[in-house]
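Just so it is clear, none of the values below were taken in a lab; they were calculated from the coordinates. Computed from a predicted model, the values in this text were never measured in an experiment. Neighbour counts are summed over all protein chains in view; Cβ atoms, including those assigned to glycine, are modelled from backbone coordinates with ideal geometry.
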Amino acid sequence: MVRWLLLAAMGALIVMTDTLAWGEDEFEGLRAAERDNITVRYPDGSFGAARQVMNVTIRTRAYLAPLFGVPEDFPITVLWMNQQWWPKATRMEYGFPSNSSRGEVLPAVDVDRPIGLVKLTGLLDLEAAPEEVAGPFKGLLGLYREATPEAVKGVLEYSPDFYLRYVINFILPHEICHAMNNAAKTPREPWWIHEFQAQMAAVITCRELGFEHDAKLFELYYRLMYLGGLDRVEETDVYTAGQKGPSMGIVNYAWYHGALVQMLHEIEERCGEGFGERLLQVCRDRAANHQQMSNADFIALMSEAAGQDLSGYMAERWNLR
Ligand SMILES: [Zn+2]
């Protein structure tokens, strides 16, 4: 998910991850926690967060590695850093983590100033959102259903742990999915299918790890982003949005990632919550070494995972065929 905001914010992340050697120089002064082929690099003062990052990374890997068919000791490095640790940090406004093109490094969010995430929250349109989405979202934040949009945004902005939980419990599994998707050479192009799997993996990992509250909270958060963007986006489908990349802008960006979660929600309504796991297994068993595929071929894999033909639904609802 990050790739684009970074691209939009500061130039080419692909170039950045390809040309930046995350060598020891960049890490000098950072602490390192290591366990079972997982390394978490973190600055002084972030021990508590680093411990939770390690905990979630270990459990996410244990859950996702068999679904991708990668080794159970699949190497992962998580960089948990604030801006001072990023090269050229003063010129950047990043607020997102990303997986590198090599797949083994997961640069973490600017942990002190998650600017990008806060901007996304600013796009939520709670006034226009249907009660069935906005109501439970407020409830999970501990607010009354009558809470005003300003109250909700205030809670999100000043919550001591909303962004921390968002990054560790949702975005981290999302990025680990990208890394495994790359390593397993399972379908990842066109880009919407790469992002769809990552958003899906984040939701199902959250559930699997027992973060039921957060799984629901962040699912609703993304669905609100999708709904909030409907009247404002220039893109009409996730394929075009996925191909467009950095020029898309933050409104389209939020809508796009929200739409992929909305898509998962609607498919689960049709065939149950096992869909996500089955899709990753089907990709592993049927499409290893098929990183690039047509929309129709990927929808066929989705249909197999769903146990029903989704081609009509995907064409009518999402303009994907
Ligand atoms: Zn992503």
- Item | Label point distance in nm, LYS153-VAL118, each placed 7 Å from Cα along Cα→Cβ | 1.3
- Task: Please identify every one of the trypsin sites (Lys or Arg not before Pro) in segment 198-273 that sits in a loop by DSSP and has no more than 13 other beta carbons within 10 Å of its own beta carbon.
- Result: ARG232
- Based on other C-beta atoms within 10 Å, arrange ARG317, ARG284 from fewest to most. ARG317, ARG284
- Figure the gain on full extension for ASP73 and ALA296 (residue separation times 0.36 nm, minus the Cα-Cα span) and round it to one decimal in nm. 76.9 nm
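Can you sort SER303, SER159 by how many other beta carbons sit within 10 Å, fewest first?
Numbers: SER303 19, SER159 14.
Sorted ascending by nearby Cβ count, the order is SER159, SER303.
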- Query: Which FRET efficiency, nearest 0.05, do LYS185 and ILE58 yield, Cβ-Cβ r, R0 25 Å?
  - Reply: 0.55
- Item | Two-site label geometry, ALA315 and GLU34: point separation in nm, points 7 Å out along Cα→Cβ | 5.5
- Which order do TYR221, TYR163 fall in if you start with the one that has the fewest other Cβ atoms within 10 Å? TYR163, TYR221
